[in-house]
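This report refers to the structure that appears directly beneath it.
Values in this text are rule-based calculations from the coordinates and carry no lab data. Small disclaimer: the values here were computed from a predicted structure and weren't measured. Don't worry about glycine lacking a Cβ; one is built from the backbone with ideal geometry, like all the others, and counts go over all protein chains shown.
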Amino acid sequence: EVQLLESGGGLEQPGGSLRLSCAASGFTFGSYAMSWVRQAPRKGLEWVSSLSGDGTSTYYADSVKGRFAISRDNSKNTLYLQMNSLRADDTAVYYCVKSWDFWSAEWFDPWGQGTRVTVSS
Amino acid sequence: EIVMTQSPATLSVSPGETATLSCRASQSVSYKLAWYQQKPGQAPRLLIYAISTRTPGIPARFSGSGSGTEFTLTISSLQSEDFAAYYCQQYNDWPRTFGQGTRVDIK
């Protein structure tokens, strides 16, 4: 069974940094693209970033480009999201999601349970 | 950026009836359209990809249709567990984009 377990969320001040982690199990981690999707309180879903199976291709939403960095350690079956220069509008639940393919991060299945990030002074 | 627009925002339906949810793309996404269901306090789950392919375990009462820019999710004979929010998502281009969602609630 595929499992995705996020961690690293919490309360951070504007301008601060957080690093989210997603521990994956139940599949050959390095064979699949992975992504982060977020959901602000009482709002819809927003794609944040994706990464190919080997980590060589990365994609970012304009809202986080230059501030967030996605990465993976295939030896540890773990996906990361380094979040810098945090803003209040980054407040959301962040979901780690798996894709069906190696490169393109097309549809997202399954989803982790999410980790909550709150940016506030 | 491809903008995905869902309608209606909220749909009130009685159990046993059929719900029809719409999703429109600002430009063609070909067949690259997925649907997700999200219940309160839970992570989303994938229902359908490639317009009409159900993921394993999704009941046949969920069906997807459409092409190009106009898509529909139909839920036949609504069950109590189907009352939830539904999102469409295109994966034809970057950035990946979602619709704002349709909430299906009990009439």
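The table below gives the values:
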quantity	calculated
All positions within segment A:107-121 that are part of a loop (DSSP other than H, G, I, E, B), under 16 Å from the mean Cα position of the chain (by Cα) and touching a residue at least 40 places away in the same chain (Cβ under 8 Å)	A:F108, A:P110, A:G112, A:Q113, A:G114
Hits in segment A:72-98 - residues which are under 20 Å from A:Q3 (Cβ atoms), surrounded by fewer than 22 Cβ atoms within 10 Å (Cβ to Cβ) and not charged (D, E, K, R)	A:N74, A:S75, A:N77, A:T78, A:Y80, A:V93
Every residue from segment B:52-98 that is of a type in the set (V, I, T), closer than 22 Å to A:W47 by Cα and more than 14 Å from chain A (Cβ to nearest Cβ)	B:T69, B:T72
Enumerated strands (runs of 3 or more DSSP E) restricted to segment A:1-105, each holding at least 1 residues that are within 12 Å of another protein chain (Cβ to nearest Cβ)	A:3-7, A:34-39, A:45-51, A:58-60, A:92-98
All positions within segment A:68-117 that are out of contact with any Leu (no Cβ under 7 Å at 6 or more places or on another chain), hydroxyl-bearing (S, T, Y) and within 11 Å of A:R38 (Cα to Cα)	A:T91, A:Y95
Those residues of segment B:69-84 which are out of contact with any helix residue (DSSP H, G or I) (no Cβ under 7 Å at 6 or more places or on another chain) and closer than 16 Å to B:S14 by Cβ, in sequence order	B:T74, B:S76, B:S77, B:L78, B:Q79, B:S80, B:E81, B:D82, B:F83, B:A84
